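What follows is one structure encoded as structure tokens, with my remarks underneath.
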Amino acid sequence: MASAGDGTVGKALDVLDLVSSQDRPVRFAELQRMSALPKATLYRLVQTLVNQGMLVQNPEAGTYSLGVRLVRLAHAAWRQASLAPIARPHLDALSLDTGLTVHLAQMDYGHVLYVDRRNALESAAMFTDAGKVGPAYCTGVGKAMLAYLDADELEQVLRMQSFHRFTPTTLASEAVLRQSLERTRARGYAIDREEHMAGVICVAMPILSDSGRVIGAASLSGSTPRTDIRTLETHVPRLRKAVEAIAEEAAQWAFPVEGRESEGRPG
């Protein structure tokens, strides 16, 4: 949500967030119900976004959807600002070696942004397609990153968590999550025991910069009919090798770290 100092640009981005959150075209009346902006201000912003190609209006249906200009920007962001391009060869090798689904994620305003998913060999549906945003407190990649944030960053991110219970095993309170993060740090990797999606388990490790800053996380996932936690844990050395290789290459790139400027430099 835009702060008071973000001005028109912040408000426009909030409108885009509202449209994207619905996963379908939306009517202006729906946007008005969801937005705290005055009707005239909201209408002006929507029209500006349409004129700039950020939104597309369907005059017949009276709806708005995200514009193709955003697709172009998203592809550019994926190439320039995410770990995905440099990580992909390592993720492919890891998936081929283990026969498991590999996910790559980064922290985005207290949530998990999945930036890549490679070689999903299982038919089980998963939430985690690239571009999806998920909760940090009940996903393997989320807990892997949370466990390695410094104290101030962790407090800030914990305030952003909803602690909604998705499954019977969801960590649905801050106290329980903190205990899990202590165990994660002690063992060096996180475990997701069907906490976000029933039937899906994973092990995950953070990707850390040379100074120990969290720049992302990677996980190995599988469905419970085909694997179990103990089996996934046998692949942790392979996962560790992959995340260390990604971190080493990332040191040569400029990439965003939430709340700080990049620690890497262009190669």
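On the basis of being surrounded by 12 or more Cβ atoms within 10 Å (Cβ to Cβ), within 25 Å of SER223 (Cβ to Cβ), more than 17 Å from the chain's Cα centre (by Cα) and of a type in the set (D, E, K, R), does ARG178 make the cut? No.
For segment 202-234, give me each residue that is within 18 Å of LYS143 (Cα to Cα) and surrounded by fewer than 24 Cβ atoms within 10 Å (Cβ to Cβ).
LEU208, SER209, GLY212, ARG213, VAL214, ILE229, GLU233
For THR184, are the conditions met, namely being closer than 16 Å to GLY99 by Cβ and not aromatic (Phe, Trp, Tyr)? In short, no. The single condition among (1) over 26 Å from GLY134 (Cβ atoms); (2) of a type outside the set (Gly, Ala, Ser); (3) in contact with a helix residue (DSSP H, G or I) (Cβ under 6 Å, 6 or more places away or on another chain) that LEU55 does not meet is (1). Applying the criterion of being at pLDDT 90 or above and not small (Gly, Ala, Ser) to the residues of segment 129-140, the residue that is surrounded by the fewest Cβ atoms within 10 Å (Cβ to Cβ) is PRO135.
Checking MET126, MET107, MET160 one by one, the residue that is surrounded by 14 or more Cβ atoms within 10 Å (Cβ to Cβ) and at pLDDT 90 or above is MET107 and no other. Those helices (runs of 4 or more DSSP H) of segment 3-74 in which 2 or more residues are of a type in the set (Gly, Ala, Ser) and surrounded by 12 or more Cβ atoms within 10 Å (Cβ to Cβ) occupy 7-21. Can you tell me which of (1) at pLDDT 95 or above; (2) surrounded by fewer than 23 Cβ atoms within 10 Å (Cβ to Cβ) is the one ALA172 doesn't meet? The number of the failed condition is (1).
The values are calculated or read from the model by the stated rules, or taken from the named source; none is laboratory data. Since we're looking at a predicted model, the values are computed, not measured. Note that each Cβ is placed from the backbone with ideal geometry, even for glycine, and that neighbours are counted across all protein chains shown.
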